[in-house]
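Since the structure comes first, as structure tokens, the remarks are kept for the end.
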């Protein structure tokens, strides 16, 4: 009789080992994925923390700058209020040159006080600027008088009535000035005629 083919039954112990091995591999893979996810979360948390620190530092610097600017502007505002009395003080001392010796002696003492006031302005970075002979600038000058003249180009400052002051690049007070302008056409003709008559008279005298 022919023999039946032998069928080899799997060893239950081997089957259990395979299952355990497969299960362990799944656990290891799961742990690796968990670790990778935790690392990614940790890196993101680190970046968020650094960003928050940077924003906090920027906010601190901004608040500090705003506080500094506020104090600076308040100081400048107070000092600016003293500029007009300072101008009057300086103008009054200018008249002392025409007075007697006793008054000049008093004026000399007040001149020293005036210089102390100017030193305070310099220490606070507040300085006057010159205007006479300059081209008028609406950011620097307040025009309060205009004079027709042919002796200089139009728009040139002829006279400074009140000094202008700066703090760095900021204008604390514009200078009040008189500015030149070109004469009207009929005035030019009249002035030319006057000059021509003067030249004729001069030539007659020389002859």
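The values are calculated or read from the model by the stated rules, or taken from the named source; none is laboratory data. The structure presented is a predicted model; accordingly, all values stated were derived computationally and were not measured. Because the Cβ atoms are built from the backbone with ideal geometry, glycine has one as well, and the counts that use them run over all protein chains shown.
The table for this structure:
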{"item": "Any hit, the stretch 97-109, residues being surrounded by 10 or more Cβ atoms within 10 Å (Cβ to Cβ) and outside any helix (DSSP H, G or I)", "result": "yes"}
{"item": "Members of the stretch 130-148 that are surrounded by 14 or more Cβ atoms within 10 Å (Cβ to Cβ) and closer than 23 Å to residue 82 by Cβ", "result": "131, 140, 141, 142"}
{"item": "Selection count, the stretch 159-182, where residues are in a strand (DSSP E or B) and closer than 19 Å to residue 91 by Cα", "result": "11"}
{"item": "Of all residues making up the stretch 68-107, the number that are in contact with a helix residue (DSSP H, G or I) (Cβ under 8 Å, 6 or more places away or on another chain) and within 15 Å of residue 118 (Cβ to Cβ)", "result": "6"}
{"item": "Residues located in the stretch 150-162, provided they are crowded, with 19+ Cβ neighbours inside 10 Å and touching a residue at least 60 places away in the same chain (Cβ under 8 Å)", "result": "none"}
{"item": "Any hit, the stretch 81-89, residues being closer than 19 Å to residue 174 by Cβ, within 26 Å of the chain's Cα centre (by Cα), surrounded by 13 or more Cβ atoms within 10 Å (Cβ to Cβ) and in contact (Cβ under 8 Å) with a residue 60 or more places away in the chain", "result": "yes"}
{"item": "Every residue from the stretch 139-154 that is assigned to a loop (DSSP other than H, G, I, E, B) and either more than 30 Å from the chain's Cα centre (by Cα) or farther than 23 Å from residue 169 by Cα (or both)", "result": "149, 150, 151, 152, 153, 154"}
{"item": "Unique residue being modelled with pLDDT under 85 and over 19 Å from the mean Cα position of the chain (by Cα) when the list is 104, 72", "result": "104"}
{"item": "Conditions (1) surrounded by fewer than 12 Cβ atoms within 10 Å (Cβ to Cβ); (2) within 15 Å of residue 82 (Cβ to Cβ): number failed by residue 121", "result": "(1)"}
{"item": "Sole exception among (1) surrounded by 12 or more Cβ atoms within 10 Å (Cβ to Cβ); (2) over 22 Å from residue 161 (Cβ atoms); (3) at pLDDT 85 or above for residue 44, by number", "result": "(1)"}
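Conditions (1) closer than 30 Å to residue 160 by Cβ; (2) at pLDDT 80 or above; (3) in contact with a helix residue (DSSP H, G or I) (Cβ under 9 Å, 6 or more places away or on another chain); (4) in a helix (DSSP H, G or I), marked per residue:
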| residue | (1), (2), (3), (4) |
| --- | --- |
| 4 | no, no, no, no |
| 9 | no, no, no, no |
| 20 | no, no, no, yes |
| 31 | no, no, no, yes |
| 53 | no, yes, no, yes |
| 65 | no, yes, no, yes |
